[in-house]
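Engineer: Structure incoming, see below.
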Ligand SMILES: Cc1cc2nc3c(=O)[nH]c(=O)nc-3n(C[C@H](O)[C@H](O)[C@H](O)COP(=O)(O)OP(=O)(O)OC[C@H]3O[C@@H](n4cnc5c(N)ncnc54)[C@H](O)[C@@H]3O)c2cc1C
């Protein structure tokens, strides 16, 4: 099934909505010129469309398997991964000191979207490696950075993230994996981790696990967690993979989707580990990795939404059923209800992409300027990007199945794969419920300063937008009122409304981005009108629900 990377859409968003040109005006990202951006995007599109997409179906039908303790990935995956590594794609946003290109995340997020849309399962491997690169760059010792970063950035070695254990999912503080000090300064790591993506594979020569574990004297909960680097093969004196370490994959999970990605149960048997980020400082180091991955997972949601939307438009343009009201559109794309679905899919996908890129831009500007306001803006947008991006991925993929009718539910068209693959994105990297709680908890700790500033940005555009802008302004006021309520409310009451509040906030941001785009290019006005008139009214119900408080939920009786 053909997929076309939405390069011109990404360019439009960067240039006319997010004003991403300001990045090139900073010393840090001076190399992110329009020419460089064009060259990177068109190369990424070619790799995604020609190399990664043709393997998407193979990953689904011929999943990774484990044979005599060795994980074998889908035929063709190792070669395709090799193309990603050789092209330098792992390092486009990485530190030039270790071989990276140092380009902005705004650009690398576009590249991520294209690669994930083409092959979500395979692209998860570089995504996790990039998280490991960030964690080691910020928290690794000089010797660890020197030994590992060049290999990870070149893609010769890959990285994983090992948090989850059977009794410790969302509650990371419940982990039991232990780390005992050894005489030579390294640590012996023992325990079992579950659901570890790309925990073992045959696409690269070494796997570098970042593992959360507890020291013998550790306090209870998250305060007592430390982070360790545990390589599959311990580097020898020349920095090459040497002796095998005491870590192995003992089985692979059978999943709803994302079959091409090996999801491993990992056994650590006194495996040699190196401490990263200090004793009991594991959560801080892990957060570096997780924040990076949260935005990356939001982008995964956008990627599946866009690929499913493209498939739905192709199908609807071809399939004929009944007489449509439009002489120029005899296929089902002429039917009002099909247009409703495609309009919703388009508006939600565009909104989610803009939120993710705005989040990436805020991270970049914070890095380039050191300005705390940009950092806080990025922090506020991160749970929205993860949660809304992946909710949209699920909703749009589901609608794509609906547009296909029975052809969507049977597997031949491949659209059901998007629906199955994307589902996990709302679960991993912190479930979407946990993201919403982060937004109304930690991210409103500032008393609502960032939230108000973002709503003020939307209101500015709304005032320039005529009647549509007036509708958007009303939605801004609604969300603004809930923000004030949240800031003053008890935490349990906030949590009870968190998911509704996050979605209402995201929809209002969507009104902003789409209207701003339409003011720059009038051909985009019908989509902005669709969003503001047909989707934004949902904020009325969402805002009412967000303020209901916890008590009505506690009063529910489930007969349990
Ligand atoms: C395919 C796949 C790949 C994965 N890859 C990795 C990986 O590479 N590395 C890794 O470490 N992990 C990985 N995971 C694990 C993933 O991050 C966890 O599944 C996720 O964090 C949720 O944990 P859980 O499954 O134990 O669910 P639980 O934590 O048991 O959650 C169940 C439900 O309860 C809700 N809930 C839990 N706690 C709270 C709370 N305090 N307040 C409100 N609601 C709550 C959740 O939102 C959810 O709806 C992967 C999982 C899958 C399925």
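Engineer: Taking 0.36 nm per residue of sequence separation and subtracting the Cα-Cα distance, how much length would be gained by fully extending the chain between residue 538 and residue 75, in nm to one decimal? If you can, show how the numbers build up before the last one.
Structural biologist: Working: separation 463, 0.36 × 463 = 166.68 nm, distance 4.53 nm.
Difference between extended and current length: 162.2 nm.
Engineer: I'd like the FRET efficiency for residue 522 and residue 442, computed as 1/(1 + (r/R0)^6) with the beta carbon distance as r and R0 of 45 Å, rounded to 0.05. Working shown, then result.
Structural biologist: Numbers: r = 41 Å, r/R0 = 0.90.
My answer for the efficiency is 0.65.
Engineer: If I stretch the segment between residue 371 and residue 220 completely, what's the gain in nm (0.36 nm per residue apart, minus their alpha carbon distance), one decimal?
Structural biologist: Values: separation 151, 0.36 × 151 = 54.36 nm, distance 3.49 nm.
Contour length minus the Cα-Cα distance gives 50.9 nm.
Engineer: Find the relative contact order for the chain and round it to a whole percent, using C-alpha pairs within less than 8 Å whose residues are 6+ positions apart.
Structural biologist: Values: 1089 pairs, mean separation 72.2, N = 560.
Normalised by residue count, the contact order of the chain is 13 percent.
Engineer: Further, regarding this structure: Highest mean first, what order results for 478-487, 382-391 on Cβ atoms within 10 Å? Present the calculation step by step, with values, prior to reporting the outcome.
Structural biologist: On the way: 478-487: 18.9, 382-391: 29.5.
My ranking of the peptides, most packed first, is 382-391, 478-487.
Engineer: What ranking do 125-135, 489-499, 322-332 get when scored by the average of other Cβ atoms within 10 Å per residue, highest first?
Structural biologist: Values: 125-135: 25.5, 489-499: 19.1, 322-332: 12.5.
Those peptides, ordered most packed to least, come out 125-135, 489-499, 322-332.
Engineer: Go ahead and collect, in residue order, the members of segment 437-479 whose backbone nitrogen is under 13 Å from a label point 7 Å along the Cα-Cβ direction of residue 281.
Structural biologist: Label zone hits: none.
Engineer: Here's a follow-up. As an exercise, use a Förster radius of 51 Å and the Cβ-Cβ distance of residue 267 and residue 556 to find the FRET efficiency, rounded to the nearest 0.05.
Structural biologist: 0.80
Engineer: Given 0.36 nm per residue, what is the gain on full extension from residue 452 to residue 327 after removing their alpha carbon distance, in nm?
Structural biologist: Working: separation 125, 0.36 × 125 = 45.00 nm, distance 4.75 nm.
Gain on stretching residue 452 to residue 327: 40.2 nm.
Engineer: Here is a further query. Quick check: pseudo-label points 7 Å beyond the Cα along Cα→Cβ at residue 141 and residue 11, how many nm apart are they?
Structural biologist: Simple spin-label model gives 4.9 nm for this pair.
Engineer: May I pose another question? With each label point set 7 Å from Cα along the Cα-Cβ vector, what nm distance links residue 313 and residue 46?
Structural biologist: According to this spin-label approximation, the distance is 2.4 nm.
Engineer: If you count, for each residue, the other Cβ atoms within 10 Å and average over each peptide, how do 544-554, 433-443 line up from highest to lowest?
Structural biologist: Working: 544-554: 15.1, 433-443: 21.2.
Sorting 544-554, 433-443 by mean packing, highest first, produces 433-443, 544-554.
Engineer: For segment 458-560, what is the relative contact order in percent, using Cα pairs closer than 8 Å and at least 6 residues apart in sequence? The partial results should precede the final answer.
Structural biologist: On the way: 116 pairs, mean separation 39.5, N = 103.
Computed value for segment 458-560: 38 percent relative contact order.
Engineer: Just check segment 155-308 against the gyration tensor rule for me: Cα atoms, a ≥ b ≥ c as the square roots of the eigenvalues, rounded for a/c under 1.5, and otherwise prolate or oblate depending on whether a/b exceeds b/c.
Structural biologist: On the way: a/c = 1.72, a/b = 1.27, b/c = 1.36.
Here segment 155-308 falls in the oblate category.
Engineer: When the helix-only estimate is applied to the chain (DSSP H runs of n ≥ 4, each -39,500 (n - 2.57), divided by the residue count), what is the mean residue ellipticity at 222 nm, nearest 500 deg cm²/dmol? Don't jump to the answer; show the numbers that get you there.
Structural biologist: On the way: 19 runs with 295 residues, N = 560.
Taking each H run of at least 4 residues, the total per residue is -17500 deg cm²/dmol.
Engineer: Sticking with this structure for a sec: For the residue pair residue 412 and residue 205, what label-to-label distance in nm results when each label sits 7 Å from Cα along the Cα-to-beta-carbon direction?
Structural biologist: 4.6 nm
Engineer: Moving on. Just need the relative contact order of segment 313-396 here, percent rounded to a whole number, with Cα pairs under 8 Å and 6+ apart. Present the calculation step by step, with values, prior to reporting the outcome.
Structural biologist: Details: 73 pairs, mean separation 19.2, N = 84.
This gives 23 percent for segment 313-396.
Engineer: Now for a separate question. Taking the DSSP beta bridges in segment 65-220 as the whole, what percent of them are antiparallel, to the nearest 5?
Structural biologist: Working: 8 of 15 bridges.
Expressed as a percentage, antiparallel bridges in segment 65-220 total about 55.
Engineer: Can you say what percent of the DSSP beta bridges in the chain, counting only those with both residues inside, are antiparallel? Round to 5.
Structural biologist: Numbers: 32 of 39 bridges.
Looking only at bridges with both residues in the chain, the antiparallel portion is about 80 percent.
Computed from the coordinates by the stated procedures, all read-outs in this text should not be read as laboratory data. Computed from a predicted model, the values in this text were never measured in an experiment. Note: ideal-geometry Cβ built from the backbone for every residue, glycine included; neighbour counts use all protein chains shown.
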